[in-house]
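Inspection log for the structure reproduced underneath, given as structure tokens.
The values are calculated or read from the model by the stated rules, or taken from the named source; none is laboratory data. On a predicted model such as this, the values are computed, not experimentally measured, just so you know. Here the Cβ positions follow ideal geometry from the backbone for every residue, glycine too, while neighbour counts run over all protein chains shown. What goes into the accessible areas is simple: the full protein's heavy atoms, side chains included, and nothing from ligands, DNA or RNA. Shrake-Rupley method; radii C 1.70, N 1.55, O 1.52, S 1.80 Å.
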There are 2 protein chains.
Amino acid sequence: MSGTYAFQKNRVEKLRELMSESKIDAFLVPTGPNFFYFTGFDTESHERLTLMFITPDEQFILAPKLMEEQLHLHSWVEDVRPWTDDQNPHRMARDYLESSKASMVAIDGTLPYFHYAPLFHNSSSKEILGDAFTSTLRMAKDREEMDNISAAIRKSEEALKLTINFIAEGVTEKEVAAMLHDNFKKKGIETPAFETIVAAGENSSVPHHDPTDRKIARYEPIIIDFGGRYHGYASDTTRTFFIDKAKPEMEEVYEIDREAQENTLEALNPETTYAGADRIAREIISRKGYGNNFIHRLGHGLGISVHEDPYLVPDNSQLMKENSVFTIEPGIYLPGKGGVRIEDTVYFQNGKCRSFNIFPKSISYI
Amino acid sequence: MSGTYAFQKNRVEKLRELMSESKIDAFLVPTGPNFFYFTGFDTESHERLTLMFITPDEQFILAPKLMEEQLHLHSWVEDVRPWTDDQNPHRMARDYLESSKASMVAIDGTLPYFHYAPLFHNSSSKEILGDAFTSTLRMAKDREEMDNISAAIRKSEEALKLTINFIAEGVTEKEVAAMLHDNFKKKGIETPAFETIVAAGENSSVPHHDPTDRKIARYEPIIIDFGGRYHGYASDTTRTFFIDKAKPEMEEVYEIDREAQENTLEALNPETTYAGADRIAREIISRKGYGNNFIHRLGHGLGISVHEDPYLVPDNSQLMKENSVFTIEPGIYLPGKGGVRIEDTVYFQNGKCRSFNIFPKSISYI
């Protein structure tokens with residue numbers, strides 16, 4: 001991260017432009033992804049109210065006293081207003097909004113209801129969900145973000161490369177996941193970005209399968225869906241391997257899935273919508289007779305959050321947005337038999353879609 | 001976890017009793033801690049609506065289609081109502097509440113505003129925060145919970161024991177944290193329950209310090225605040241060590257903090273409130289002249305969440321509750337010099353408070 005926080009300050013200025021167009025008097029951001037996006041400070045969300053206020057003229061952070069020092073060290077926001085355990089932070093926030101006559105307040109959607117209720121029940125201001133604004137900003141990745149995502153993907157792929165040497169008949173799903181996590185560390189990944197999926201045999205027909213003690217057997221597909229975090233940004237990649245060789249039906253399914261993944265990536269252009277991308281992949285798979293076995297969306301945006309806008313779903317009629325980053329991950333699942341999923345993270349730039357991934361997608365036996 | 005889910009079913013029945021007393025028609029629980037508490041299914045919260053409905057007569061889970069199989073495998077709730085990407089789950093939830101004429105709806109406080117807004121803006125029902133109900137239930141730990149917390153603490157303490165052999169002059173804070181995490185795995189801890197704090201020298205005067213590359217030096221205090229997760233339950237323990245020996249001022253501070261910790265634990269009885277516990281510790285520390293250096297609350301409840309009710313803060317006038325589990329963690333921080341914190345997790349039972357911890361609290365040089 002830049003020591004000057006130039007990217008972070010620029011993001012706040014861009015938010016102010018959007019706020020001005022929509023006559024929003026205050027934007028409230030609790031700790032979490034958007035707080036990191038605007039301040040540079042990455043922290044878990046706590047039950048204690050920590051809230052950034054962005055207004056046309058100022059920005060400050062209402063925070064528990066014991067976070068004050070850290071906020072000064074790790075963010076650019078100078079105005080930190082600490083509260084102590086004998087104060088009521090919700091009351092302090094309400095008082096500020098009332099005294100500043102904020103009549104239209106946008107709220108970051110991650111604010112939990114237990115903060116929302118004491119902040120806004122019977123309030124005189126009008127509240128709206130602010131996620132459309134932050135999502136618009138976050139969809140167009142800036143240079144710092146592109147660099148971090150690219151590094152996260154490269155390092156995770158290197159960890160996968162180390163891991164596949166270790167996969168063999170008799171190894172369990174959990175052992176593969178543990179080995180991948182060790183290799184994450186070796187390659188400079190700070191932490192897994194989500195629970196790694198390792199699904200072998202019939203388990204691979206469950207899209208979100210958690211790794212078990214099940215041993216991997218010959219001729220089985222094994223799906224590895226994994227991501228690591230680097231400088232606050234996530235990677236998300238899936239590859240499907242076969243042990244020794246694949247049964248003919250699964251091999252056919254693999255090639256169909258790969259064709260859907262690669263051809264969709266190639267086909268995207270400035271006239272394509274995110275729904276259109278989903279449709280392209282679905283049509284390829286349906287034509288081969290497996291339409292009912294592709295039981296999830298084509299993909300999702302990726303960045304600070306593992307799942308964020310844009311979503312590649314049938315009702316997202318938005319056109320491809322410059323510098324948006326998202327996954328393309330068609331899957332074909334045959335209940336009781338197994339499944340195949342191939343996932344790249346891609347970016348849309350200058351009218352074309354390119355993949356961050358370099359790990360091969362051709363069918364691979366280990 | 002019991003294969004019969006007897007504890008989980010019992011928790012839902014107890015919630016129904018509380019709902020009946022308060023004339024609540026429906027209780028809504030998104031994925032997260034309370035979802036795990038009631039269903040036995042432990043999953044991260046996703047942006048996709050997954051919501052348990054508990055009414056006087058039924059319980060069901062509205063869930064994305066791709067979670068359906070997992071929910072059947074890992075929870076006792078038979079009625080899963082799947083939604084697909086071409087459906088609007090918020091609309092489905094509203095339709096259910098309207099058709100069942102639920103006029104008073106309690107909402108789990110972790111529901112994010114981005115789900116709350118489409119579910120309840122302009123709704124005809126009255127919503128209230130349901131956390132007082134779930135908190136009442138969760139404060140009184142049942143046998144399964146006590147066993148899991150106890151195991152989490154024992155295993156984490158064993159990991160600490162292995163780790164201190166490794167601590168010496170020149171080792172960095174980050175290396176200590178990494179070693180502790182490796183030892184967690186060896187001892188059967190599934191994952192850290194929170195970001196481990198390792199704070200040496202002047203860093204130990206920051207209560208929530210993240211580990212850095214700073215090397216540990218002689219005569220310095222080192223605070224290790226750590227917790228591991230076991231079967232969904234967290235541990236939370238802090239010990240302060242000194243490298244070689246302690247400077248006289250820090251040694252004095254250590255003994256005051258230890259006295260505050262141990263005497264408070266001893267003093268608790270059925271007439272004590274949680275605020276009273278905080279006051280006892282604060283008075284001991286203030287009498288010795290360090291009142292202004294104890295800058296946080298005395299403790300917090302612990303269980304599925306690392307921070308939950310009861311909070312040991314000046315305004316919690318509730319009496320000690322049978323089978324409640326909480327931390328007692330006074331700290332004394334001398335800015336620029338260093339700090340001391342000693343934390344046990346304890347339970348209140350049969351009129352007395354006992355610690356789950358067995359790791360020594362006497363001053364210890366390594």
| field | Residues that are touching a residue at least 24 places away in the same chain (Cβ under 8 Å), surrounded by 18 or more Cβ atoms within 10 Å (Cβ to Cβ) and under 24 Å from B:Lys174 (Cα atoms), drawn from segment A:176-186 | value | A:Ala177, A:Leu180, A:Asn183, A:Phe184
| What pairs come up if the first residue lies in segment A:96-109 and is within 14 Å of chain B (Cβ to nearest Cβ) and among the hydrophobic types (A, V, I, L, M, F, W, C), the second is part of a strand (DSSP E or B) and open to solvent by 40 Å² or more (accessible area, probe 1.4 Å), and their beta carbons are under 9 Å apart, counting only those six or more places apart or on different chains? | A:Val105/A:Lys126; A:Val105/A:Ile128; A:Ala106/A:Ile128; A:Ala106/A:Leu129; A:Ile107/A:Ile128; A:Ile107/A:Leu129
| request: Among residues belonging to segment B:272-323 that are among the β-branched types (Val, Ile, Thr) and more than 26 Å from B:Ala193 (Cβ to Cβ), point out the one that is nearest to the chain's Cα centre (by Cα). | output: B:Thr273
| task | Being open to solvent by 20 Å² or more (accessible area, probe 1.4 Å), small (Gly, Ala, Ser) and assigned to a helix (DSSP H, G or I) is the filter here, so list the residues in segment B:274-298 that pass it. | result | B:Ser286, B:Gly291
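Counting only residues that are surrounded by fewer than 21 Cβ atoms within 10 Å (Cβ to Cβ) and closer than 22 Å to A:Ser305 by Cβ, how many does segment A:1-10 have?
Selection size over segment A:1-10: 6.
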| remark: Counting only residues in segment A:51-66 that are part of a strand (DSSP E or B), within 20 Å of B:Val206 (Cβ to Cβ) and among the hydrophobic types (A, V, I, L, M, F, W, C), the one nearest to the other protein chains (Cβ to nearest Cβ) is identified as A:Ala63
| query | Quick one: B:Asn263 ticks every box in (1) modelled with pLDDT of 95 or more; (2) in contact with a strand residue (DSSP E or B) (Cβ under 6 Å, 6 or more places away or on another chain) bar one, so which box is it? | reply | (2)
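Restricting to segment B:195-210, and then to whatever is in a helix (DSSP H, G or I) and within 13 Å of chain A (Cβ to nearest Cβ), can you tell me which residue is farthest from A:Asp42 (Cα to Cα)?
From segment B:195-210, those in a helix (DSSP H, G or I) are B:201-205; that's our starting set.
Pick out the ones that are also within 13 Å of chain A (Cβ to nearest Cβ) and you get B:202-205.
Numbers: B:Glu202: 22, B:Asn203: 19, B:Ser204: 20, B:Ser205: 21 Å.
Among those that are in a helix (DSSP H, G or I) and within 13 Å of chain A (Cβ to nearest Cβ), it is B:Glu202.
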| remark: Sole miss for B:Ala102 among (1) more than 22 Å from the chain's Cα centre (by Cα); (2) under 30 Å from A:Leu298 (Cα atoms) is condition (2)
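Tally time: how many residues in segment B:176-194 are among the β-branched types (Val, Ile, Thr) and outside any loop (DSSP other than H, G, I, E, B)?
Looking only at that region, the number is 2.
The rows are residues; the columns are (1) away from every other protein chain (no Cβ under 14 Å); (2) open to solvent by 40 Å² or more (accessible area, probe 1.4 Å); (3) part of a loop (DSSP other than H, G, I, E, B).
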{"residue": "B:Gln261", "(1), (2), (3)": "yes, no, no"}
{"residue": "B:Leu265", "(1), (2), (3)": "yes, no, no"}
{"residue": "B:Glu271", "(1), (2), (3)": "yes, yes, yes"}
{"residue": "B:Val306", "(1), (2), (3)": "no, no, yes"}
{"residue": "B:Lys321", "(1), (2), (3)": "yes, yes, yes"}
{"residue": "B:Val325", "(1), (2), (3)": "yes, no, no"}
{"residue": "B:Ile332", "(1), (2), (3)": "no, no, no"}
{"residue": "B:Phe348", "(1), (2), (3)": "yes, no, no"}
| task | Could you check, for segment A:271-280, whether at least one of its residues is at pLDDT 95 or above, of a type in the set (S, T, N, Q) and in contact with a helix residue (DSSP H, G or I) (Cβ under 7 Å, 6 or more places away or on another chain)? | result | no
| field | Answer residue from segment A:283-299, given it is touching a residue at least 40 places away in the same chain (Cβ under 8 Å) and within 11 Å of another protein chain (Cβ to nearest Cβ) and is nearest to A:Asn34 (Cα to Cα) among those | value | A:His296
| Count - residues of segment A:195-209 that are surrounded by fewer than 19 Cβ atoms within 10 Å (Cβ to Cβ) and over 16 Å from A:Lys337 (Cα atoms) | 1
| said: Quick test of your reading of the structure: A:Thr327 fulfils all but one of (1) closer than 21 Å to A:His208 by Cβ; (2) modelled with pLDDT of 95 or more; (3) in contact with a helix residue (DSSP H, G or I) (Cβ under 8 Å, 6 or more places away or on another chain); (4) not aliphatic (A, V, I, L, M). Name the failing condition by number. | reply: (3)
| request: May I ask you to verify whether B:Lys23 is more than 14 Å from chain A (Cβ to nearest Cβ) and modelled with pLDDT under 95? | output: no
| message | open to solvent by 60 Å² or more (accessible area, probe 1.4 Å) and within 12 Å of chain A (Cβ to nearest Cβ): is that true of B:Asp213 in this structure? | response | no
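Which residues, taken from segment B:165-185, are over 22 Å from B:His208 (Cβ atoms) and either more than 12 Å from chain A (Cβ to nearest Cβ) or not charged (D, E, K, R) (or both)?
Those that are over 22 Å from B:His208 (Cβ atoms) and either more than 12 Å from chain A (Cβ to nearest Cβ) or not charged (D, E, K, R) (or both): B:Asn165, B:Phe166, B:Ala168, B:Glu169, B:Gly170, B:Asn183.
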| message | I'd like to check something: does segment B:222-236 contain any residue that is open to solvent by 10 Å² or more (accessible area, probe 1.4 Å), touching a residue at least 12 places away in the same chain (Cβ under 8 Å), assigned by TED's automatic domain parsing to the domain that holds B:Glu329 and in a loop (DSSP other than H, G, I, E, B)? | response | yes
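Out of all the residues in segment B:30-43, is one or more assigned by TED's automatic domain parsing to the domain that holds B:Gly130 and in a strand (DSSP E or B)?
Among the residues of segment B:30-43, at least one is assigned by TED's automatic domain parsing to the domain that holds B:Gly130 and in a strand (DSSP E or B), which makes the answer yes.
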| In segment A:44-54, residue nearest to A:Arg16 (Cα to Cα) [restricted to those that are open to solvent by 10 Å² or more (accessible area, probe 1.4 Å) and touching a residue at least 24 places away in the same chain (Cβ under 8 Å)] | A:Ser45
| field | Which listed residue is more than 23 Å from A:Ser305 (Cβ to Cβ), within 14 Å of chain A (Cβ to nearest Cβ) and open to solvent by less than 10 Å² (accessible area, probe 1.4 Å), from B:Leu28, B:Leu15 | value | B:Leu28
